[in-house]
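The block underneath contains the structure these notes are about, expressed in structure tokens.
Every number in this text was worked out from the coordinates using simple rules, so none of it is lab data. Remember, predicted model here, so these are calculated numbers, not experimental data. Here the Cβ positions follow ideal geometry from the backbone for every residue, glycine too, while neighbour counts run over all protein chains shown.
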Amino acid sequence: MRYLLAVVMAASLAPAADQSLLNMVMPEAKILVGVDVDHARDTVFGKFFLSQLTKDEPGLAKMTEATGFNPRRDLHEIIVASIDDAAAGSKVPSNGLVLMRGNFDRDRISTLIKTMGMGNPLTYLGQEVFTTTNPKDNGGFAILDKTTAILGNIGSVKSALERRKNGKSIDAKLTAKIQKLSASNDIWMMSSMPVSDIASRIPGPTQGKNGMLNGDAMKNIQQASAGLKFTPSDVRVTAEAVAGSAKDAGALADVVRFISGMVQLGRDKDDASPFADIIDSLQVKTEGNVFRLNITIPQDQLQQMWDKTPAKKSGAVRKV
């Protein structure tokens, strides 16, 4: 969804992840993603991406009028945590949570949800929790206070409320890693799942079986992290992967260098030129069993890539 991509890409100058959100993350979380959108409106990238949005989206306008909540203005931070993939026959992750920091008018939002027919809300630990009408989705949504909301599987939402009350959450070592990663990046991701397991969960005709993520170089990658840092002139991308051995880390580096070489060979093609220019800044190195990647994307090239991104056929976003 291009609107969501714009919000994510506009994030900038992120402080460390909000501790009150981290306190609700499940201790056994295997994948964590964080986005700080608090300063998006004040950055070059934020202004550019927000300018690409349709100025008068009917659905967004109606929601804002009814609830007072405008995600362009009132959403400040998102943390997504997951243990596993989506449950069979469900659109809601079986053990996933979306934790949001923002400005929420609980009474107005609750009234709209009830008007939409979300079913009778249940009360758990003193919190009103709305559930989806489709029992297969089994989703839950709760606004905890004027600055915090959570969304996910109803069981995960209840567990998050329990952790919020009793103070049990992720361990101190993982918290320290997240705080370090989030403090130096505006968008960050951390995974303790093998990359091949993540690949097997990616939907599509190949089901991840024939893609790069399931290649030999990826099979022994047990942990990975990545981040995007926005500056006034560019976006700096970093990634780190912990492999089973130094040989495995070297093999991954070789694959990345091979792919970058192929892209550069096709730089004369119009659709490949922006990517080839970006690849010029690629830095790849290994330290023992650790693979590291750094790449810098200038603002003008990022805008070219955005312009080449297909928009929805109806209500397509146009550059303004």
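Could you check the simple spin-label distance between SER233 and ALA183, using points 7 Å along Cα→Cβ, in nm with one decimal?
Output for this residue pair reads 2.7 nm.
Multiply the residue gap between GLN19 and TYR124 by 0.36 nm, knock off their C-alpha separation, and tell me the result in nm, one decimal place.
Gain in length upon complete extension: 35.6 nm.
Label points 7 Å out from Cα along the Cβ direction at LYS114 and GLU65: separation in nm?
A separation of 2.2 nm, rounded to one decimal place.
Can you put LYS62, LYS158 in order, fewest other beta carbons within 10 Å first?
Fewest-to-most Cβ neighbours within 10 Å comes out as LYS62, LYS158.
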